[in-house]
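The values are calculated or read from the model by the stated rules, or taken from the named source; none is laboratory data. Computed from a prediction, not measured in an experiment: that's the story for all the values here. Backbone-built Cβ (ideal geometry, glycine too); neighbour counts: all protein chains shown. With ligands, DNA and RNA removed, areas are computed over all heavy atoms of the protein, side chains included. Shrake-Rupley method; radii C 1.70, N 1.55, O 1.52, S 1.80 Å.
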Amino acid sequence: MRKKISLIGAGQIGGTLAHLIALKELGDVVLFDVAAGIAKGKALDIAQSSPVNGFNVNLSGTDNYEDTKNSDVIIITAGVPRKPGMTRDDLLGINLKIIKQVAEGIKKTSPNAFVVCITNPLDVIVMALQKYTNFNKNKVIGMAGILDSSRFIYFLSQELNVSVKKIQSLVLGGHGDSMVAMLNHTLIDGKKISKLVEEGLISKERLDDLVNRTKKGGAEIVKYLEKGSAFYAPAASGVEMAESYLKDLKKQLPCAAYIDGQYGIKDIYAGVPVIIGKNGVEKIIELKLSSEEESNFKKSIKAVKELFDAAKKIDPSL
Ligand code: TXD
């Protein structure tokens, strides 16, 4: 029996998610959007490419949550993206309302789904989603860290002329300017990045530039696109999470997960390394952080907490 994957939001990321899922034959796809035509049109267009790429999954579009019922995976991108000059936090008011509607739509129809939230401001929106749906915390997760880590690894590969396949790193904490590139856990062909700095292959200043470019990675693309924000890398990152769940790959991935005591932090969603398998978030990995990483991580968590307090002012039921 093929798995069922519902994509709530059929915009730039939603459409790309649908295409990637179809090409990888992860399951049948239901594209949901309040703009039903967008969902239907994109589903039909991707379906019409199946003879070319030889994939065998069904795709459909709808604005009726009944059509998404009993989904194995739900990936949520419903919301508005940034315009040039906006911060991710500026989206809070409108996207909080939207995620409440989405929660109402999915909580009765797909109570057992693994839910990946992508809508910004990510950490607070995924936390609100879990509260609105009251789904198990290990089945509600946010996509940000994979994208941020991927951006950082890409920038390092360009700078050092090293294949992305030979670079390991991860960016944790909130999905905003306070995100933390874990330099003490960054390996270039197995060698710590601090060694490359000592050897003069990259200066500390240049490394800090790449970290800052990662923090502003979304804004850089928003500036180019003018209308809309990044969608290819975000979609690729969301599919990575869905695939690890559907195939029980138990990959270790940086994601916005519910932290319940790990890293000395409680009762908040933020980017941490997690193991994703058939039970959803199966484990939170506690890395040994350097003192600099730890203090930056704590600052980032504080920024998420402050934004969640702002969300509670908008919706005291949170
Ligand atoms: O790393 C990350 N998490 C971020 C997330 C990376 C990039 C973009 N990030 C955020 O994802 C972005 O700031 C937005 O909040 C979401 C979706 O971005 P996308 O680029 O896909 O936005 P679009 O193209 O505007 O698509 C959003 C769709 C659009 O078709 C609307 O009609 C639909 O959402 N929409 C809704 N669908 C269902 N239900 C409701 N209420 C609704 N409202 C709008």
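For segment 216-263, what class follows from the C-alpha gyration tensor (a ≥ b ≥ c being the square roots of its eigenvalues): rounded when a/c is under 1.5, otherwise prolate if a/b is larger than b/c, else oblate? Oblate shape, in that a/c is at least 1.5 and b/c is the bigger or equal ratio. Overall, segment 1-152 carries a charge dipole of about 280 debye about its Cα centre when +1 sits on the Cβ of Lys and Arg and -1 on the Cβ of Asp and Glu, all other atoms neutral.
These residues, Ser149, Ser50, Ser194, go from largest to smallest accessible area, 1.4 Å probe, as Ser194, Ser50, Ser149. Computed from backbone phi with θ = phi - 60° and the Karplus coefficients 6.51, -1.76 and 1.60, the 3J(HN,Hα) list for segment 136-151 is 3, 4, 7, 10, 10, 9, x, 9, 7, x, 5, 5, 5, 5, 5, 4 Hz; x is used for glycine and proline. Looking at the chain, the accessible area is 46 square angstrom per residue; that uses a 1.4 Å probe and ignores ligands, DNA and RNA.
Along the charge dipole of the chain, pointing to its positive end and built from +1/-1 on Cβ of Lys, Arg, Asp and Glu, which listed residue (Gly200, Met182, Val162) has its Cα farthest out? So the residue we want is Met182. Convert 20 °C to kelvin, take the viscosity as 1.002 mPa s, use the Kirkwood radius over C-alpha pairs of the chain as Rh, and evaluate the Stokes-Einstein diffusion coefficient in µm²/s, rounded to a whole number. D = 108 µm²/s. Projecting the Cα atoms of Gly142, Gln130, Val116 onto the charge dipole of segment 99-165, computed from C-beta unit charges around the Cα centre, puts Gln130 farthest toward the positive end. Overall shape: oblate for segment 35-183, with the ratio a/c of the largest to smallest alpha carbon gyration tensor axis at 1.5 or above and b/c at least equal to a/b. Taking the Cα centre of the chain as reference, the dipole from Cβ charges on Lys and Arg (+1) and Asp and Glu (-1) amounts to some 320 debye. The count of lysine pairs in segment 26-103 that are at least 8 places apart or cross chains, and whose C-alpha atoms lie under 23 Å apart, stands at 6.
Give the relative contact order (percent, whole number) for the chain; include only Cα pairs under 8 Å separated by 6+ residues. The value is 17 percent. Estimated at the nearest 10 Å², the accessible area of Glu66 is 100 Å² with a 1.4 Å probe. The residues His175, His19, sorted by heavy-atom accessible surface at 1.4 Å with ligands and nucleic acids left out, run His19, His175 from largest to smallest.
Given in Å, the Rg to one decimal and the Dmax to the nearest whole number for the Cα atoms of segment 163-287 are 16.1, 45.
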